[in-house]
Amino acid sequence: MAHGVTAHVAGSPRVGTVAFYRDDTLLHVAVVEAQEAEVTYEKHAALCDEHAYWVRIIQDREANGRRPHQGVAYSSPVWITL
């Protein structure tokens, strides 16, 4: 049985990547290259017990050098019990 986690992401500059995590483990990095997107990570093996899923979003640098560093955002964890 397939289980998936979907994140709807939007940024003021373009979103470059969305990284999916389970607990402290990196599961998948999706390249988005859009200002807004819906991204799904599907896991096909069922895990027992309760796990925290969360995403890290990395945005492009802002225009005109106002903020020279890339923006990083984190979701709140979502606890899932299977």
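Every number in this text was worked out from the coordinates using simple rules, so none of it is lab data. Everything quoted here is computed from the prediction, not taken from an experiment. FYI the Cβ positions are ideal-geometry reconstructions off the backbone, even for glycines, and counts take in every protein chain you see.
Derived scalar couplings between HN and Hα for region 21-31 equal 10, 10, 6, 10, 9, 6, 9, 6, 10, 9, 8 Hz in order, rounded to whole Hz, by the Karplus curve 6.51 cos²θ - 1.76 cosθ + 1.60 (θ = phi - 60°), x for Gly and Pro. Each other residue within a Cβ distance under 15 Å of VAL9 adds +1 if Lys or Arg and -1 if Asp or Glu, for a net charge of -2. Sequentially through region 10-19, phi angles give Karplus couplings (6.51, -1.76, 1.60; θ = phi - 60°) of 8, x, 6, x, 5, 7, x, 9, 10, 10 Hz, Gly and Pro residues having no value and appearing as x.
Straightening the chain between VAL31 and HIS51 buys 4.8 nm, computed as 0.36 nm per residue apart minus the Cα-Cα spacing. Over all other residues within a Cβ to Cβ distance under 13 Å of ARG56, the charged ones net out to 0, with Lys and Arg as +1 and Asp and Glu as -1. Backbone amide hydrogens, once placed in the peptide plane, bring HIS3 within less than 5 Å of LYS43, HIS44, excluding anything fewer than 5 places away on its chain.
Among SER76, SER12, sorting on how many other beta-carbon atoms sit within 10 Å of each Cβ, with the fewest leading, yields SER76, SER12.
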